[in-house]
Amino acid sequence: MKSGRALFDANGVFAGGIEVLRPVVDKPVQLAATTATGALVAEDHAMAKACRLAHVAVDSGRPVLIRGEAGCGKSAIADTICRLSLGPEAAPVVVQSDAYSRESFHQELSGQKVAGSRVPAMAGAIERADGGALILEDVGSLGAAAEEALVRAVKQGEVATIDGGSPRKVRFRLLVTTSEEQEGMLSDKGWEDLGGLIIDVPPLRQHRADVRPLTEHFLSHLVPPGVGREVDGELLRVMMAHRWPGNVAQLRDVLSYAVSVAGGQKLTLSDTPAEFRALGPRSGDEGERIRSALAAADGHLGRAADSLGMSRATLWRKRKKYGI
């Protein structure tokens with residue numbers, strides 16, 4: 001049994017669609033959401049709920065909080081919601097939140113003007129998102145000032161002007177992604193008070209049935225048209241058993257690497273990155289996994305954190321914990 005709908009932009013141009021397949025027997029639910037820029041692929045119950053909520057979010061206009069480990073697809077879901085609700089040409093304002101301190105993050109949201117300067121004030125992200133969408137990526141702790149500005153913008157539809165004049169009216173979609181438990185506005189209660197939807201995205205290890213369809217999807221974009229590429233049996237078995245600490249992003253990166261070095265039509269285990277083969281499907285001691293990941297990444301914290309499925313801040317704390 002299936003249901004679906006086509007989605008069109010303000011000019012009546014087809015923007016994408018969502019189709020839900022509900023089997024009459026007890027089999028995994030399959031849901032796919034496609035846009036001009038990409039796809040969400042899910043054939044596993046664990047991921048299907050997140051995709052259904054993304055479907056609900058498209059037309060709701062409500063703020064959306066997307067939670068999950070690093071690399072699990074939060075940004076893809078946020079982008080899909082934006083493009084299906086605002087149109088394929090939508091250009092949301094995106095703020096990479098972990099690049100800012102609390103003070104500078106508030107300034108990025110609300111705008112800033114240097115005292116005594118003749119340089120025009122710079123509009124903040126909230127004001128720039130008026131009429132469109134604001135995506136806050138990888139939010140840690142918002143801080144009281146930033147939280148106050150966001151609540152005011154969402155609930156009252158206004159943002160304080162930099163020069164202290166009358167507030168400016170704004171209307172936009174707010175989407176926030178985070179990989180950590182939060183307090184205040186980003187807690188369950190805080191987001192409910194804001195009238196928002198919460199989408200919890202499971203790590204890939206909890207929906208391994210999606211490894212095969214995700215692999216097919218990524219290969220269809222990584223391999224030039226007319227060039228056949230498939231995964232051999234051994235590699236597929238290893239991929240299905242792997243814990244994927246870096247989640248969907250790691251799967252994409254492994255396949256991208258394999259495609260670039262493979263000599264034949266089939267991708268084999270020997271075509272994959274050394275760090276992927278070294279970590280293997282086992283979980284092991286956390287301290288040892290961190291040491292292995294750092295060694296495989298040549299000490300690069302960002303790459304090591306991505307392969308372990310944690311933020312750089314979390315990896316830094318765990319390094320101190322284990323004396324690494």
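The values are calculated or read from the model by the stated rules, or taken from the named source; none is laboratory data. Since this is a predicted model, take the numbers as computed values, not measurements. Cβ placement follows ideal geometry from the backbone for every residue including glycine, while neighbour counts extend to all protein chains displayed.
Results for (1) at pLDDT below 85; (2) touching a Leu at 6+ places or on another chain (Cβ under 6 Å); (3) among the acidic types (Asp, Glu), shown as yes or no for each residue.
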| residue | (1), (2), (3) |
| --- | --- |
| GLN206 | no, no, no |
| PHE218 | no, yes, no |
| ARG229 | yes, yes, no |
| PRO245 | no, yes, no |
ask   = If you take the residues in segment 86-102 that are of a type outside the set (S, T, N, Q), assigned to a helix (DSSP H, G or I) and surrounded by 12 or more Cβ atoms within 10 Å (Cβ to Cβ), which one is modelled with the highest pLDDT?
value = LEU86
inquiry  = Against the conditions (1) modelled with pLDDT under 70; (2) under 15 Å from GLN250 (Cα atoms), where does ASP306 fall short? Just the number, please.
reply    = (1)
query = For segment 50-79, which residues satisfy the criterion of being more than 19 Å from GLY309 (Cα to Cα) and either without any contact (Cβ under 8 Å) to a residue 60 or more places away in the chain or touching a Pro at 6+ places or on another chain (Cβ under 6 Å) (or both)?
reply = CYS51, ARG52, HIS55, VAL58, ASP59, ASP79
ask   = Hey, among the residues in segment 123-176 that are assigned to a helix (DSSP H, G or I), in contact (Cβ under 8 Å) with a residue 24 or more places away in the chain and not hydrophobic (A, V, I, L, M, F, W, C), which one's surrounded by the most Cβ atoms within 10 Å (Cβ to Cβ)?
value = GLU127
task = Those residues that are in contact (Cβ under 8 Å) with a residue 40 or more places away in the chain and under 21 Å from the mean Cα position of the chain (by Cα), I need them from segment 222-252; list them, please.
result = ARG243, TRP244, PRO245, GLY246, ASN247, VAL248, ALA249, GLN250, LEU251
ask   = Looking at ALA76, ALA90, ALA70, ALA99, which one is in contact with a Cys (Cβ under 6 Å, 6 or more places away or on another chain), over 22 Å from GLY190 (Cα atoms) and aliphatic (A, V, I, L, M)?
value = ALA90
